[in-house]
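Structure record follows, encoded as C-alpha cells.
The values are calculated or read from the model by the stated rules, or taken from the named source; none is laboratory data. Given the structure is predicted, the values throughout are model-derived calculations rather than measurements. Note that each Cβ is placed from the backbone with ideal geometry, even for glycine, and that neighbours are counted across all protein chains shown.
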C-alpha cells in the first residue's frame with residue numbers, strides 16, 4: 001500500500017517551520033566573552049560564581065613595590081553543558097585570558113571574538129603539519145590557545161600575551 005502523497009505546500013511548511021525554529025534558537029544565543037573585550041553575559045541555563053579578585057606580584061617585587069602590583073579578577077561561569085569557563089579580567093575589566101574544562105567544548109568563536117580567524121589560521125597550519133587529530137597548540141605573538149581532551153573531558157585556555165598584567169604568567173590562566 002502506497003503512502004498518500006503529501007501536497008507540495010506541506011513540505012514547504014515543514015521546511016519553513018524548521019528554519020524559523022533554527023533562527024529562533026540562534027537569535028536567543030547569548031553574547032559570550034570576547035578575548036580582549038568585556039566578560040560574557042551568563043548564557044541561558046548557566047550559573048555565574050562570584051568573581052574572585054587576585055593579586056599578581058611581579059617577580060623580584062619587595063614590600064614597597066608589591067603594593068603597586070597589578071590586580072586581576074577571575075570570573076567563573078558554569079554553562080548548561082557542565083563546562084566551566086574562567087575569565088581573567090584586568091583592572092580595566094578587559095578579558096585577557098580564558099580557560100575552560102568540562103564535558104563539552106565551549107563556543108570558541110564566541111569566546112575568541114575577533115581573534116577566532118587568527119586561531120583558525122593557526123589551527124589549519126598545525127593540522128597541515130601534524131594531521132587532523134590531537135591537542136591544539138596555536139602560538140602566535142598576539143594569541144596563544146591550548147586545547148585538548150576527549151569526549152566528556154575537554155579543557156584548554158586562550159590568552160593575549162601582550163595583555164597579561166605584570167606578574168601574571170601563562171600558567172595562571174587555568
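Any residue in segment 97-114 that is farther than 26 Å from residue 81 by Cα, within 16 Å of the chain's Cα centre (by Cα) and either without any contact (Cβ under 8 Å) to a residue 60 or more places away in the chain or in a loop (DSSP other than H, G, I, E, B) (or both)? No, segment 97-114 contains no residue that is farther than 26 Å from residue 81 by Cα, within 16 Å of the chain's Cα centre (by Cα) and either without any contact (Cβ under 8 Å) to a residue 60 or more places away in the chain or in a loop (DSSP other than H, G, I, E, B) (or both). Scoring residue 128 on the criteria (1) surrounded by 11 or more Cβ atoms within 10 Å (Cβ to Cβ); (2) more than 17 Å from residue 34 (Cα to Cα) leaves a single failure, condition (1). For segment 48-60, indicate whether the set of residues that are more than 19 Å from residue 172 (Cα to Cα) and modelled with pLDDT under 95 is non-empty. For segment 48-60, residues more than 19 Å from residue 172 (Cα to Cα) and modelled with pLDDT under 95: present.
Looking only at segment 136-153, which residues are closer than 28 Å to residue 72 by Cα and surrounded by fewer than 18 Cβ atoms within 10 Å (Cβ to Cβ)?
First, pick out the residues of segment 136-153 that are closer than 28 Å to residue 72 by Cα: 136-149, 153.
Within segment 136-153, 136, 137, 139, 140, 141, 142, 146, 148, 149, 153 qualify.
Please go through segment 150-174 and pick out each residue that is assigned to a strand (DSSP E or B) and either without any contact (Cβ under 8 Å) to a residue 24 or more places away in the chain or under 9 Å from residue 97 (Cβ atoms) (or both). Residues satisfying the conditions are 150, 157, 158, 159. Return a yes/no flag: does segment 102-112 have any residue that is surrounded by fewer than 18 Cβ atoms within 10 Å (Cβ to Cβ), touching a helix residue (DSSP H, G or I) at 6+ places or on another chain (Cβ under 9 Å) and more than 28 Å from residue 71 (Cα to Cα). No, segment 102-112 contains no residue that is surrounded by fewer than 18 Cβ atoms within 10 Å (Cβ to Cβ), touching a helix residue (DSSP H, G or I) at 6+ places or on another chain (Cβ under 9 Å) and more than 28 Å from residue 71 (Cα to Cα). Of all residues in segment 126-149, those satisfying the criterion of being touching a residue at least 12 places away in the same chain (Cβ under 8 Å) and outside any strand (DSSP E or B) are 126, 134, 135, 140, 141, 142, 143.
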